[in-house]
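Bear in mind that the values in this text are calculations on the coordinates, not laboratory data. Quick caveat: nothing in here was measured; it's all calculated off a predicted structure. Cβ atoms come from the backbone with ideal geometry, glycine included; neighbour counts cover every protein chain shown.
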Amino acid sequence: MRKILPDLCLLAAMPLLVYSVHRVFLETPIERQMGTAFKIFFFHVPMGWLCMLMAVICGVAAGVQLRRRSAVAGAVALAAAELGFVTGLGVLLTGPIWGSATWGTPWTGDARQVTTALLWLVIAAYLLLRHYGPRSSDRLAAALAIFGAVNVPIIYYAVKLWKTMHPSTGVVASLPPEMWATFWPGLIALALCTLALFGLRTRQLVLADELDAAWVRLDDNL
């Protein structure tokens, strides 16, 4: 069951994605103040949530890897970072488009924008260390992952801690019923895709480590 679960998630996500895109562009009414640009919300917010989720998973797994020298934890951390990098890039691309249409500028430099960009840079640095750094960089990589996880609640509460132009954290709960019915299918579809890719990538990394270990044992026996 564990092996086919990612496939099942992808199969479930496909019709949901089609349905979500259909609702966003053809059935969801245009928001009065922001106009058509508000439709980016239905992609921007789910990717932001998923990026933060992956950052937290990466930080926790990196801490476990550092403490227990667990190859599985290392694979989980790396897979989460890669998915966090992709979803974070989506956030940083859709955010300026939305901001340019509603605020008149793609970048205001407010707290949420800065902390989100910082998280993405931290994830990028972690990936560079994991893929290209020497073995002695494990501690630094883990420290970066943990710092990224700590930064997640700061991103979430930035609109409350500082004066920002971003909507408040309660905007999803305040959506009218027709927008609420559009938001959740899109979120679930993107979450299923992300979790499926996360599971597949983790399994791939674990198998790669096992294959490397098998080659080492073979060389030792020859």
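Would you please give the residues with an amide H less than 5 Å from that of E31, counting only those at least 5 places away or on a separate chain, with H modeled from the backbone geometry?
Sorted by chain and number, the residues that satisfy this are F38.
Given the options S174, S20, S137, which has the most mean-square fluctuation in a GNM of the chain, springs set between C-alpha atoms less than 10 angstrom apart?
Among S174, S20, S137, the largest GNM mean-square fluctuation belongs to S174.
Name the most mobile residue of L128, L53, L119, meaning the one with the largest mean-square fluctuation, in a Gaussian network model of the chain with Cα contacts below 10 Å.
L128
Looking only at V86, V172, V72, which one moves most when the chain is put into a Gaussian network model with springs between Cα atoms under 10 Å?
For the chain, modelled as a Gaussian network with Cα springs under 10 Å, the answer is V172.
Counting pairs of alpha carbon atoms under 8 Å apart in space and at least six apart in sequence, what relative contact order in percent does region 63-171 give?
About 26 percent, as a whole number.
Using only alpha carbon pairs under 8 Å that are at least six residues apart, calculate the relative contact order of the chain and give it in whole percent.
With pairs under 8 Å counted, the relative contact order is 33 percent.
Could you tell me the distance between the Cα centroids of region 146-218 and region 3-22, to the nearest Å?
Answer, in whole Å: 16.
By per-residue mean of other Cβ atoms within 10 Å, what is the highest-first order of 162-171, 188-197?
Put in order of decreasing packing, that is 188-197, 162-171.
Please give me, ordered by residue number, the chymotrypsin sites (Phe, Trp or Tyr not before Pro) of region 50-116 that lie in loop per DSSP and have at most 16 other Cβ atoms within 10 Å.
Loop-located and lightly packed - W103, W107.
For region 18-29, what does the Karplus curve 6.51 cos²θ - 1.76 cosθ + 1.60, with θ = phi - 60°, yield as ³J(HN,Hα) per residue in whole Hz, taken in order and with x for Gly and Pro?
So the Karplus estimates, Gly and Pro as x, are 4, 5, 5, 4, 4, 5, 4, 9, 10, 10, 7, x Hz.
By its C-alpha gyration tensor, with a ≥ b ≥ c as the square roots of the eigenvalues, how is region 1-95 shaped: rounded for a/c under 1.5, else prolate for a/b larger than b/c, else oblate?
On the way: a/c = 4.38, a/b = 1.81, b/c = 2.42.
Oblate.
Per residue, how big is the convex hull around the C-alpha atoms of the chain? Give it to me in cubic angstrom, could you?
On the way: hull volume 30.3 nm³, N = 222.
Cα-based convex hull of the chain, divided per residue, equals 136 Å³.
Can you show me the helix-derived [θ] at 222 nm for the chain, built from DSSP H runs with n ≥ 4 at -39,500 (n - 2.57) apiece and divided by the number of residues, rounded to the nearest 500.
Theoretical 222 nm ellipticity from helices: -27500 deg cm²/dmol.
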